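Below is one structure, written out as structure tokens; comments come after it.
The values are calculated or read from the model by the stated rules, or taken from the named source; none is laboratory data. As the structure is a prediction and not an experimental result, all values here were calculated from the model. All Cβ positions, glycine included, derive from the backbone under ideal geometry; neighbour counts span all protein chains shown.
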């Protein structure tokens, strides 16, 4: 993958989800600071007051998102991806879809992939009988083949879009957990400084976090499946 594409993936699939997840803590921070700003800057108009508070808050949370995207990604992999798809990737759609026992792809389509993997890499994927007798080894062999497929399809523009889509949703889950921690921290400050905001702000904020987390968790499997199908289509192109 070219440097431009690597930067595009980092921006859209790693940094953007962290920025999005931090919007709610940023709004709560803005609301907590507003009474003080309104008290200190009584002589300036409302627009300047908003900008005076909004810009520093936006800059701080942008910096937080930039420095914490790597942590969000690690959380996503450890807490979401690995329990869901296993650390060795043997339960990833890119692996499961190529099993003869799986019905997501046609037998003819899988046969074409098996043939190209053998001719291109000299790697023979398991037959239906061998797969049934040793499923785990069949999965590990597919994982090896898929790793080589990814290397050979890195320049595919359409595949990059599907990869970004999956990466955004997966990494948002980790960023959302960080955002919940930030929200709880703000809530403790709010209690300590004599309730700058009503507790309902934090209750509704927590509910919104949970709803968005649930939606992303539900959709991340679909995104992984879409990526797997596009990976195989890209691999079967004549120029790969």
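Table for the structure above
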{"read-out": "Single unsatisfied condition, residue 5 versus (1) under 26 Å from residue 201 (Cα atoms); (2) part of a helix (DSSP H, G or I); (3) modelled with pLDDT under 85", "value": "(1)"}
{"read-out": "Selection status of residue 112, in contact (Cβ under 8 Å) with a residue 60 or more places away in the chain and either closer than 21 Å to residue 162 by Cα or assigned to a helix (DSSP H, G or I) (or both)", "value": "yes"}
{"read-out": "In segment 69-83, residue farthest from residue 213 (Cα to Cα) [restricted to those that are at pLDDT 85 or above and surrounded by 21 or more Cβ atoms within 10 Å (Cβ to Cβ)]", "value": "69"}
{"read-out": "Test result for residue 181, assigned to a helix (DSSP H, G or I) and farther than 21 Å from residue 27 by Cα", "value": "no"}
{"read-out": "Residue tally, condition over 24 Å from residue 206 (Cα atoms) and without any contact (Cβ under 8 Å) to a residue 60 or more places away in the chain, over segment 156-189", "value": "2"}
{"read-out": "Meets criteria (in contact (Cβ under 8 Å) with a residue 40 or more places away in the chain, under 30 Å from residue 214 (Cα atoms), surrounded by fewer than 16 Cβ atoms within 10 Å (Cβ to Cβ) and touching a helix residue (DSSP H, G or I) at 6+ places or on another chain (Cβ under 7 Å)) for residue 97", "value": "no"}
{"read-out": "Which listed residue, of 239, 190, is at pLDDT below 90 and loosely packed, with under 13 Cβ neighbours inside 10 Å", "value": "239"}
{"read-out": "Residue ID - farthest from residue 195 (Cα to Cα), chosen from residues in segment 20-31 that are in contact (Cβ under 8 Å) with a residue 40 or more places away in the chain and buried (at least 19 other Cβ atoms within 10 Å of the Cβ)", "value": "21"}
{"read-out": "Matching residues, segment 84-94, being surrounded by fewer than 20 Cβ atoms within 10 Å (Cβ to Cβ) and assigned to a loop (DSSP other than H, G, I, E, B)", "value": "86, 87, 88, 89, 90, 91"}
{"read-out": "Residues satisfying the stated conditions in segment 123-173, i.e. outside any helix (DSSP H, G or I) and over 30 Å from residue 19 (Cα atoms)", "value": "123, 124, 125, 126, 127, 134"}
